[in-house]
1. Any residue at all in segment 115-130 that is loosely packed, with under 10 Cβ neighbours inside 10 Å and either in contact (Cβ under 8 Å) with a residue 40 or more places away in the chain or in a helix (DSSP H, G or I) (or both)?
2. Does residue 27 fit the bill of being under 18 Å from the mean Cα position of the chain (by Cα) and surrounded by 17 or more Cβ atoms within 10 Å (Cβ to Cβ)?
3. Quick one: count up the residues across segment 131-146 that are modelled with pLDDT under 85 and surrounded by 15 or more Cβ atoms within 10 Å (Cβ to Cβ).
4. Given the structure, is residue 13 within 27 Å of residue 108 (Cα to Cα) and assigned to a helix (DSSP H, G or I)?
5. Tell me yes or no: at least one residue of segment 136-146 is outside any helix (DSSP H, G or I), within 26 Å of the chain's Cα centre (by Cα) and not assigned by TED's automatic domain parsing to the domain that holds residue 33.
6. I need the full set of residues from segment 34-45 which are out of contact with any helix residue (DSSP H, G or I) (no Cβ under 7 Å at 6 or more places or on another chain) and either surrounded by 17 or more Cβ atoms within 10 Å (Cβ to Cβ) or not in a loop (DSSP other than H, G, I, E, B) (or both), in order please.
7. Could you tell me whether residue 31 is assigned to a helix (DSSP H, G or I), more than 19 Å from residue 106 (Cα to Cα) and in the same structural domain as residue 7 (by TED's automatic domain parsing)?
8. Quick one: in segment 83-113, which of the residues that are surrounded by 11 or more Cβ atoms within 10 Å (Cβ to Cβ) and part of a loop (DSSP other than H, G, I, E, B) is farthest from the chain's Cα centre (by Cα)?
């Protein structure tokens, strides 16, 4: 009989296989991972497996503490199980969609904590990025794409010889299949 820990360990393994099966699956995982940037890769995999569309998640203490979000976890909400591999235990986080304001009216709005780029800050950040990257652009999206290409071009020289040496039979994707 499988323990709960083993069940989620298997879910993690199966999800990794699923992610590696196709470009679409990988892109869907990256969409989830982009919102869970504070979590480890292993945690991102399990969050994706259980709640791929959640906008944010945090532990019970973060959502409920008066000096934090001071929110209520909705009744019958299932936590998202994450693996504590060192202690072979599970710990849980909760999706923002599973929280609600407390009746006392002192709850914080989670939207204020979910990263958003205001119109006012777009110009400031774009200017900073352009100065840093030696780029001239008035559009933050184009600036980010230009910087990403520039960085990839610069860094790729360091890794081309290594990439050429990788035997595809021993790559991670082949091992997972």
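The values are calculated or read from the model by the stated rules, or taken from the named source; none is laboratory data. Worth saying up front: this structure is predicted, and the values here are computed from it rather than measured. Please note: Cβ atoms are built from the backbone with ideal geometry, for glycine as well, and neighbour counts cover all protein chains shown.
1. So far as segment 115-130 goes, yes, one or more of its residues are loosely packed, with under 10 Cβ neighbours inside 10 Å and either in contact (Cβ under 8 Å) with a residue 40 or more places away in the chain or in a helix (DSSP H, G or I) (or both).
2. For residue 27, the condition - under 18 Å from the mean Cα position of the chain (by Cα) and surrounded by 17 or more Cβ atoms within 10 Å (Cβ to Cβ) - is not met.
3. So the count comes out to 3.
4. So residue 13 does not fit the description; no.
5. yes
6. Within segment 34-45, 34, 35, 41, 43 qualify.
7. Answer is yes for this residue.
8. Out of the qualifying residues, it is 102.
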